[in-house]
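The values are calculated or read from the model by the stated rules, or taken from the named source; none is laboratory data. In this text the structure is predicted, and so the values were computed from the model without any measurement. Ideal geometry is used to build each Cβ from the backbone, glycine not excepted, and the neighbour counts take in all protein chains shown. All accessible areas refer to the heavy atoms of the entire protein, side chains included, with ligands and DNA or RNA removed. Shrake-Rupley method; radii C 1.70, N 1.55, O 1.52, S 1.80 Å.
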Amino acid sequence: MTAEDPTSMTGPDGEAYNIRAASYFVLQAEHRCTACAKVSRVAALAVPPGHESTEGELELDEDDADSPGLDPQAFRDWLFSPAQWQTMPGPAMISSTRALAPEVAQTLRTLAPFFRQNPAQSGEWSNFCEHCERPIWDGALYPTPGQAFCPNDAAAAAHVSTQRIDAPFAAFFGMCWTDSYRNKWPLFSRLGYACSEAE
């Protein structure tokens with residue numbers, strides 16, 4: 001990717017990064033804090049099509065459709081084999097982020113200081129209310145239409161600010177929201193990536 005490849009590093013507990021890209025997006029939106037009822041900015045991270053992940057979706061060939069599965073030794077070999085990087089054709093947004101490359105973390109400290117590591121959650125990256133400093137649960141921001149990072153339509157997505165960062169990205173995520181989630185299509189369109197059934 002670059003002369004100094006951030007993917008050669010690992011996260012704070014030694015876990016290997018599971019997503020990398022040549023560039024990324026810092027997204028910002030507003031969310032009403034459930035602790036103090038004030039509106040706070042919140043941030044999220046997204047990557048463009050062509051990013052790489054070791055957590056790619058498994059697709060079976062038609063020949064595999066009736067397969068009883070791997071024999072026990074083949075399954076063990078697969079389970080304990082080194083992670084393989086796969087190029088992903090669509091955009092993605094990550095949450096439940098446990099580790100970020102140091103350069104990405106520094107960018108977030110500058111652009112979105114309210115999105116930082118949460119010591120109470122083993123250092124997982126969390127949004128914190130700008131007013132009361134309480135952490136904001138990822139489940140309140142990502143999965144359900146109408147939430148900050150799940151806009152219902154193009155008009156709602158227009159309220160999400162996007163900043164493209166043309167620098168290498170590497171992270172270890174727990175959840176990856178790809179274009180297979182139809183409810184993310186308005187947000188991905190906001191980033192410039194139209195999604196449709198044909199894909």
When Lys and Arg each count +1 and Asp and Glu each count -1, what net charge do the other residues less than 14 Å away from Ala105, Cβ to Cβ, add up to? +1
Spin-label point model (7 Å from Cα, Cβ direction): what's the Thr110 to Asp166 distance in nm? 1.5 nm
Apportionment of accessible area to carbon and sulfur, region 62-196, percent (1.4 Å): 53 percent
Using a probe radius of 1.4 Å on heavy atoms only, what accessible surface per residue do you get for region 75-186? Whole Å² is fine. 52 Å²
So, with points 7 Å from each Cα along the Cβ direction, the Ala35-Asp77 label distance in nm works out to 5.1 nm
Taking amide H positions as placed 1.01 Å from N in the peptide plane, with prolines and chain starts having none, which residues 5 or more places from Arg134, or on another chain, fall under 5 Å of its amide H? Cys129
Cα-based Rg then Dmax for region 112-199, in Å, read 14.4, 45
For the ranges 184-193, 150-159, what's the packing order if you count other beta-carbon atoms within 10 Å of each residue, average per peptide, and put the highest first? 184-193, 150-159
Working out 0.36 nm times the residue gap between Ser23 and Ser122, then minus their Cα-Cα distance, what length gain in nm do you get to one decimal? 33.0 nm
